[in-house]
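In what follows, a structure is listed as structure tokens, so that the remarks can point back to it.
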Amino acid sequence: MPSKSKPTGTKPRSSRSLTRKEPEKDPKGGLTAAGRKAFRRKEGAHLRPGVKGPADTPEKMRRKGSFLRRHFANPRGPMKDENGEPTQLALSAHAWDEPVPKTMEDAKKLAAKGKRLLERYARTQEKASSSRSKGSSHG
């Protein structure tokens, strides 16, 4: 009589075990696309990648300036860990194409740069609103 027992040593595989989980934090700083997606699922917020290169448009000035002020004006932690390696906070500057701060003084310089970017952004907004109000006055 033929045996109808299961083959030994095999388990049904779940689809989860086959997919490799993408890291959410980039080792060079910032979040990966998978990290931004996980944040969206958890918080409902749509994070965008950091501004690389010069902040040459008003939107880039505003985004980069507010990031630098928010993270480096009053840092929430040290720039280096116990082993002297840069912390995730310090590496986040790299994700925005900024030098990785090694000391609190370097962090303050990044915060000052952020403040200058926000001031430049405010000036561009003032110019835009004054030119709009001039254009609408003749009617």
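Observations, loosely collected:
- Whole-Hz Karplus values for the range 50-63 come out as x, 6, 9, x, x, 7, 9, 10, x, 5, 5, 4, 5, 5 Hz, taken residue by residue from phi with 6.51 cos²θ - 1.76 cosθ + 1.60 and θ = phi - 60°; glycine and proline positions read x.
- For the range 114-134 versus the range 70-106, the spacing of their alpha-carbon centroids is 29 Å.
- Rounded to whole Hz, the Karplus (6.51, -1.76, 1.60) HN-Hα couplings of the range 113-129, x for glycine and proline: 4, x, 5, 4, 4, 5, 5, 4, 4, 4, 5, 5, 5, 5, 4, 5, 6
- Placed amide H near K80: partners under 5 Å, 5+ positions off or other chain: T87
- Of K64/K113; K21/K80; K52/K113; K25/K115; K80/K102, those spanning more than 18 Å from alpha-carbon to alpha-carbon: K21/K80; K25/K115
- Residue-by-residue Karplus 3J(HN,Hα) for the range 34-41, coefficients 6.51, -1.76, 1.60, Hz, glycine and proline x: 5, x, 5, 5, 5, 5, 4, 5
- A cut-off of 5 Å between modelled amide H atoms, ignoring neighbours fewer than 5 places along the same chain, links L31 with D26.
Computed from the coordinates by the stated procedures, all read-outs in this text should not be read as laboratory data. Since we're looking at a predicted model, the values are computed, not measured.
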